[in-house]
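The values are calculated or read from the model by the stated rules, or taken from the named source; none is laboratory data. Just so it is clear, the model here is predicted, and its values are computed rather than measured. Quick reminder, even Gly has a Cβ in these numbers, built from the backbone with ideal geometry, and neighbours come from all protein chains shown.
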Amino acid sequence: MAPAPSSQQKVDLREPRSWRRTRNRIATALMALSFVLVIIPLGFVLFTVIAKGASVINWSFLTRSIPPNVLPASFGGIGPAVLGTLEITALATVLAVPLGILGAIYLNEYGGRRPLARLIGFMADVMTGVPSIVMGLFIFSVWVLHFGFSGLAGAFALGCLMLPIVIRSTDEMLKLVPDALREGSYALGATKARVTLTVVLPAALGGIVSGALLAVARAAGETAPLLFTILAVTTANPNVFSGANTSLPSQIFVNASSPYVGAEARGWGAALTLIAIAFILMIAARLVTARFARFVR
Amino acid sequence: MEPPEPNIVTNLPRPEVAALPQAGSVLGEVIFEMRNVSIWYSAFKAVTDVSLNVHENEITALIGSSGSGKTTVLRALNRMNDLVPGARLEGEVSYRGQPLYGKDVSATAVRRRIGMVFQKPNPFPKSIYDNVAYGPRINGERDKARLDEIVERSLRRAALWDEVKSRLRMSGLSLSGGQAQRLCIARTIAVEPDVVLMDEPASALDPIATGAIEDLMRELKSQYTIVVVTHNMQQATRVSDRTAFFYVLASGEDDTRTGVLVEYGPTEQIFQDPRDSRTRAYVTGRMG
């Protein structure tokens with residue numbers, strides 16, 4: 001049914017043509033353009049690595065030992081590097097993540113505005129900016145010179161790198177927990193430890209876990225801290241606590257600087273493997289976050 | 001034969017006695033006794049020289065405009081202000097005759113007996129069941145059957161059971177504002193406190209939910225002592241037995257303001273026959 005003819009004066013509700021409208025359109029176009037510019041390098045990297053690496057990847061490539069560089073791509077694989085990356089990163093995670101989470105809990109729940117807490121927070125920020133190769137050199141001088149190359153030394157270096165990231169991301173997540181929740185728990189007669197363990201941590205857990213997994217993914221891709229701590233050997237070393245080891249980033253570094261076609265192809269395969277590991281970690285982070293966010297929404 | 005009742009002729013009004021809250025009232029025992037209490041937040045003196053008594057099984061309302069220190073006084077009664085950095089209290093607060101701020105007194109032990117419901121409903125991001133069971137659990141209750149019983153009883157007393165009994169495993173955050181506030185009340189009474197402090201428990205709720213909370217308060221009065229901060233004067237007249245009126249005292253010289261207790265007495269007297277002109281202005285709506 002058509003609306004009855006109205007005697008009211010017609011009101012123009014359209015956006016008037018004006019400089020404001022033009023500015024709005026320009027800004028929107030600029031944002032769309034920046035998005036495209038951001039996507040281009042990312043897409044290009046992914047495309048190149050997949051194009052050059054996918055052909056060599058299969059199960060035996062991931063498990064066989066590393067052959068001499070002169071051999072073509074159909075020989076050998078990167079098994080020792082996959083093993084090394086997994087064991088060293090896992091050890092670094094075990095060392096750094098609990099320590100970082102506990103440190104952040106101290107900073108946020110216990111330290112308050114005490115000088116010690118402020119100092120730790122400041123140092124964590126400074127550590128975030130330390131170049132990763134410096135971490136490697138540090139571990140080289142205080143550990144490797146005395147005890148030799150080992151996966152453990154590499155894990156120390158990666159742990160030093162992860163620690164400030166874990167502290168910062170956990171700290172941010174704890175800050176997001178509303179004080180009203182803490183007060184609700186205190187008002188029931190809970191001690192500080194109880195409040196932290198039963199209310200604050202569960203409420204922040206999703207964010208803490210995904211922050212930690214991002215730190216793990218970051219560490220898994222680091223080359224520089226490992227150069228001086230684990231070397232890059234060609235045989236698998238399942239003992240992470242002693243003896244030189246190798247890792248995917250180190251292997252990519254070695255293969256990329258080699259002139260042989262086979263070694264280069266294996267390098268691309270290793271790069272794609274590394275990206276896949278990081279990707280799996282990211283997905284895991286998302287799933288974990290969603291799982292813990294069940295009650296938060 | 002018994003001697004004749006001495007006050008048989010007292011059908012005359014005796015306003016002095018009725019107006020004095022400390023005058024050994026015919027009602028319950030004194031639960032809280034505040035004597036010359038002043039509270040600071042760092043350099044800011046939020047409340048100055050408050051003295052009042054709270055009686056057992058009564059609802060005591062604290063009214064007054066924003067910034068008059070009602071909430072600060074309320075939070076002093078279960079030592080929630082301890083959690084605010086820089087908060088400091090002077091004067092005496094006793095709870096059932098014991099100094100609340102004594103040397104050996106644990107704030108945790110105090111809060112187990114004196115619960116609190118906040119202005120904004122703050123259910124934990126846990127299931128409805130775990131929200132109510134939280135307090136009993138931190139007090140060491142592990143027995144599943146007993147927890148089930150406590151949860152049901154508390155939710156029933158908070159008039160929420162029928163609405164949530166089929167979804168106890170759902171998040172406490174899935175409830176509406178009024179339900180969430182009743183959940184918080186259930187959570188508070190699950191630990192069987194002696195006193196329930198309420199900080200504007202209905203200010204974020206619609207009139208129907210507010211009515212439910214008020215009914216609940218009257219219901220709980222038989223078992224608990226309730227102190228409630230409210231901005232809503234009708235609410236104070238509807239539920240409370242005694243009313244304390246707080247006022248912001250501003251000093252022109254050094255531009256400081258602080259909250260003071262102007263008048264305290266039976267609710268009926270405060271609203272119908274206030275002694276102080278500021279109380280009269282406030283309760284008749286001419287101020288604040």
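For this structure, a couple of remarks:
- Lone unmet requirement of (1) surrounded by fewer than 24 Cβ atoms within 10 Å (Cβ to Cβ); (2) over 30 Å from B:ARG113 (Cβ atoms); (3) among the aliphatic types (A, V, I, L, M) for A:VAL177: (2)
- Residue among B:ASN53, B:ASN78 that alone is surrounded by 13 or more Cβ atoms within 10 Å (Cβ to Cβ), at pLDDT 90 or above, assigned to a loop (DSSP other than H, G, I, E, B) and not acidic (Asp, Glu): B:ASN78
- Flag if A:PRO202 is within 26 Å of the chain's Cα centre (by Cα) and crowded, with 21+ Cβ neighbours inside 10 Å: no
- Conditions (1) more than 14 Å from every other protein chain (Cβ to nearest Cβ); (2) hydrophobic (A, V, I, L, M, F, W, C); (3) without any contact (Cβ under 8 Å) to a residue 24 or more places away in the chain; number of the one not met by B:ALA109: (1)
- Number of positions in the range B:272-288 that are surrounded by fewer than 21 Cβ atoms within 10 Å (Cβ to Cβ), in contact (Cβ under 8 Å) with a residue 24 or more places away in the chain and not in a loop (DSSP other than H, G, I, E, B): 1
- Residue that is surrounded by the fewest Cβ atoms within 10 Å (Cβ to Cβ) [pool: residues in the range A:62-86 that are assigned to a helix (DSSP H, G or I) and in contact with a helix residue (DSSP H, G or I) (Cβ under 6 Å, 6 or more places away or on another chain)]: A:THR63
- Pairs, first closer than 11 Å to A:PHE241 by Cβ in the range A:149-161, second among the charged types (D, E, K, R), C-beta under 9 Å, six or more apart: A:GLY151/A:GLU87; A:ALA155/A:GLU87
- For B:SER68, the criteria (1) of a type outside the set (Val, Ile, Thr); (2) crowded, with 23+ Cβ neighbours inside 10 Å; (3) part of a strand (DSSP E or B) hold in every case but one, which is (3).
- Members of the range B:138-158 found to be buried (at least 17 other Cβ atoms within 10 Å of the Cβ) and not polar (S, T, N, Q), listed by number: B:ILE138, B:LEU147, B:ILE150, B:VAL151, B:LEU155, B:ARG157, B:ALA158
- Test result for B:SER203, buried (at least 24 other Cβ atoms within 10 Å of the Cβ) and in contact (Cβ under 8 Å) with a residue 12 or more places away in the chain: no
- Among the residues listed as A:MET135, A:MET123, A:MET127, the single one being at pLDDT below 95 and surrounded by 19 or more Cβ atoms within 10 Å (Cβ to Cβ): A:MET135
- Condition check for B:TYR264: more than 15 Å from the chain's Cα centre (by Cα) and closer than 20 Å to B:THR72 by Cα: no
- Exclusive hit being in contact with a helix residue (DSSP H, G or I) (Cβ under 7 Å, 6 or more places away or on another chain) and either more than 13 Å from every other protein chain (Cβ to nearest Cβ) or within 24 Å of B:ARG35 (Cβ to Cβ) (or both), set B:LEU100, B:LEU77, B:LEU52: B:LEU100
- Scoring A:THR235 on the criteria (1) assigned to a loop (DSSP other than H, G, I, E, B); (2) modelled with pLDDT of 90 or more; (3) under 18 Å from A:THR63 (Cβ atoms); (4) not small (Gly, Ala, Ser) leaves a single failure, condition (2).
- Annotation: B:PRO121 fulfils all but one of (1) surrounded by 20 or more Cβ atoms within 10 Å (Cβ to Cβ); (2) facing chain A (nearest Cβ under 8 Å); (3) not in a helix (DSSP H, G or I); the unmet one is (2).
- Residue, farthest from B:THR230 (Cα to Cα), within the range B:182-200, restricted to residues that are crowded, with 23+ Cβ neighbours inside 10 Å and in contact with a strand residue (DSSP E or B) (Cβ under 6 Å, 6 or more places away or on another chain): B:PRO193
- Among residues of the range A:181-213, those that are more than 7 Å from chain B (Cβ to nearest Cβ), of a type in the set (A, V, I, L, M, F, W, C) and touching a helix residue (DSSP H, G or I) at 6+ places or on another chain (Cβ under 7 Å), counted: 8
- When B:LEU173, B:LEU197 are checked against the criterion of being of a type outside the set (Asp, Glu) and either away from chain A (no Cβ under 12 Å) or in a helix (DSSP H, G or I) (or both), a single residue qualifies: B:LEU173.
- With respect to the conditions (1) touching a Ser or Thr at 6+ places or on another chain (Cβ under 9 Å); (2) more than 9 Å from every other protein chain (Cβ to nearest Cβ), B:ARG137 lacks only one, and its number is (2).
- Residue count for the range A:250-288 under the criterion of being part of a helix (DSSP H, G or I), of a type in the set (S, T, N, Q) and over 30 Å from A:GLY211 (Cβ atoms): the result is 1.
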